[in-house]
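Accompanying notes for the structure given below.
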Amino acid sequence: MEINIFKKPDDLVKFMEKFENSELTYLYLEYDNFKLKLDKRANAPASDESRSVVGANAAAEAAATDSNSNYEYVTAPLVGIFYGKSQGAEIAPIGTAVKKGQPVCAIEAMKMMNDIVAPCDGVIKEILAVDGKMVEFGQKLVAIEKK
């Protein structure tokens with residue numbers, strides 16, 4: 001008998017969001033060949049057996065502006081494949097002026113594309129993730145120089 005705990009593609013994302021908003025600091029789920037480890041502790045060790053997701057503390061630090069500059073970073077809100085290009089055209093190339101809420105890149109998770117938006121008005125100064133490669137939750141993706 002097979003049990004599918006994530007019936008729709010975005011069920012896993014919703015599950016991770018519920019964990020992030022809960023008081024839990026650690027969760028490990030294993031079923032057949034599926035393993036999921038969610039950990040909000042700031043210095044959580046990564047495991048070879050499962051993907052470690054660093055929680056609110058690391059994400060907040062990553063999203064915070066760099067103290068030595070006027071940069072703000074777009075961070076990954078979920079684990080997935082980073083795309084700085086959409087169908088061959090860059091979504092927001094370096095040097096592009098962006099407005100708060102404007103899509104600057106995308107992450108594919110569970111065969112769904114998720115637009116990732118600018119947290120502030122500014123200019124794209126650096127793309128920190130590699131197009132077509134996996135990114136972790138809280139990972140810095142794009143550096144924006146604030147206006």
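3J(HN,Hα) along the stretch 140-145, derived from phi through the Karplus expression 6.51 cos²θ - 1.76 cosθ + 1.60 where θ = phi - 60°, amounts to 6, 10, 9, 9, 10, 7 Hz, with x in place of Gly and Pro. Taking θ as phi - 60° and the Karplus parameters 6.51, -1.76 and 1.60, the scalar couplings of the stretch 118-130 work out to 5, x, 7, 6, x, 10, 5, 9, 7, 9, 8, 9, 9 Hz in sequence order, x denoting glycine and proline. In the structure displayed, which of LYS40/LYS146; LYS18/LYS146; LYS35/LYS85; LYS14/LYS146; LYS40/LYS111; LYS85/LYS125 lie more than 20 Å apart, Cα to Cα? Result: LYS40/LYS146; LYS18/LYS146; LYS35/LYS85; LYS14/LYS146; LYS40/LYS111 exceed 20 Å.
Ordered from highest to lowest accessible area with the whole protein assembly present and a 1.4 Å probe, MET16, MET134 read as MET134, MET16. For the stretch 74-142, what class follows from the C-alpha gyration tensor (a ≥ b ≥ c being the square roots of its eigenvalues): rounded when a/c is under 1.5, otherwise prolate if a/b is larger than b/c, else oblate? Since a/c reaches 1.5 and a/b is larger than b/c, the shape of the stretch 74-142 is classed as prolate. For ALA118, what residues show an amide H to amide H distance below 5 Å, using hydrogens built from the backbone and excluding near sequence neighbours? Under 5 Å from the amide H of ALA118: GLY101, GLN102, VAL104. Phi-derived couplings, Karplus 6.51 cos²θ - 1.76 cosθ + 1.60 at θ = phi - 60°, listed residue by residue for the stretch 11-21: 4, 5, 4, 4, 4, 5, 5, 5, 4, 4, 8 Hz, with x used for Gly and Pro. Ordered from largest to smallest accessible area (heavy atoms of protein chains, 1.4 Å probe), the residues LYS18, LYS146 come out as LYS18, LYS146.
The values are calculated or read from the model by the stated rules, or taken from the named source; none is laboratory data. Because the structure is predicted, anything quoted here is derived from the model rather than measured. These accessible areas exclude ligands, DNA and RNA; they are computed on the full protein's heavy atoms, side chains included. Shrake-Rupley method; radii C 1.70, N 1.55, O 1.52, S 1.80 Å.
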